[in-house]
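One structure below.
The values are calculated or read from the model by the stated rules, or taken from the named source; none is laboratory data. This one's a predicted model, so the numbers in the text were calculated from it and none came from an experiment. Every residue, glycine among them, receives a Cβ derived from its backbone with ideal geometry; neighbour counts consider all protein chains shown. Surface accessibility is based on the protein's heavy atoms, side chains included, excluding ligands, DNA and RNA. Shrake-Rupley method; radii C 1.70, N 1.55, O 1.52, S 1.80 Å.
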Amino acid sequence: MGRLARSYALFVASFKVLRAHKGLTWFTVLAGVAGLLVAGAFLTPAFFASHAEITRDGRITAISWVLLAAFYLVAAFVSIFFNAALISQADVALRGGTPEVGAGLAAAARRWPALLGWAAVSASVGLVLRAIEERLGFLGRLVGSLVGLAWQLTTFLVLPVVLLEGAGVKDGVKRSVDLFRRTWGENVAGGAGIGLVGMVLSLAGYAVLLLAGLLLGGTATLFVCIALAIVWSVLVAVFTSTLSGIYQTALYRYAADGVVPGEFASVDFAEAFRAR
């Protein structure tokens, strides 16, 4: 099976799980709502109270770095917490059980110290990359993008390891890197497949709305189309983020235990996860 075909097969398999357990999307919705609240709590006061201090000569000031670090940490923890809850219940679904929102939140809450530690590491890496991009201009953006991509790929399975194996942050990163070395192709393929589907859905929705706006005309119609485009973007983001969590869990289960979830039986896992 070619990489493109396998990417599509992984997307379809993840979608089967989501179609059977639509409630898994609640974790992504809750993560989005919590993220907006965190952004509002940090960014609104910073904008109105100290807007002049956020940048100076095009560079972020020391005070703003502190605020940015706190924001990164809290935002990362919120995202990681709800992703961990999603993974816990995606694992339940893949094992044939019935996922529950309360059970997922409880599972994540039991591992909150490790999740907070991972959030601190993630936020620190994000700040370092941001600093590199800020100081080195175009070269910094290029380096930051490459390093950021490598970091995302090698740590893709940290959350499943931390949540499902009870590992700490250090052991979780080591374990994720080890699993990545054996499954890097499908790590990329699955993420690329879901991302590609999300992009196609977004562009198709935008094209339809733009065409409708041009055909119908009028300022009011334009604003309605813009509002619908925003709603469509949110829906696509919820859809693809939930699929990513499901795929992440399935990838971990096979890489760690050699177990092929039933919904993924159509994927050639023997080829997908051959030794690298």
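For the reader, a short list of remarks on this structure follows.
- Only residues that are in contact (Cβ under 8 Å) with a residue 40 or more places away in the chain and under 22 Å from L251 (Cβ atoms) were counted across segment 124-158, and they come to 3.
- Checked against the criterion of being free of Cβ contacts under 8 Å to residues at least 12 places away in the same chain and closer than 30 Å to G104 by Cβ, segment 214-232 has at least one qualifying residue.
- Residue identified as over 15 Å from the mean Cα position of the chain (by Cα) and modelled with pLDDT under 90 among G97, G117, G102: G97
- Qualifying residue in segment 152-172 (condition: crowded, with 16+ Cβ neighbours inside 10 Å and of a type in the set (F, W, Y)): yes
- Hits in segment 19-31 - residues which are at pLDDT 90 or above, in a helix (DSSP H, G or I) and of a type outside the set (V, I, T): K22, G23, L24, W26, F27, L30, A31
- Single unsatisfied condition, V66 versus (1) touching an Asp or Glu at 6+ places or on another chain (Cβ under 9 Å); (2) open to solvent by 30 Å² or more (accessible area, probe 1.4 Å); (3) modelled with pLDDT under 75: (1)
- Annotation: of all residues in segment 70-103 being farther than 17 Å from V33 by Cβ and among the β-branched types (V, I, T), the one that is most open to solvent (accessible area, probe 1.4 Å) is T98.
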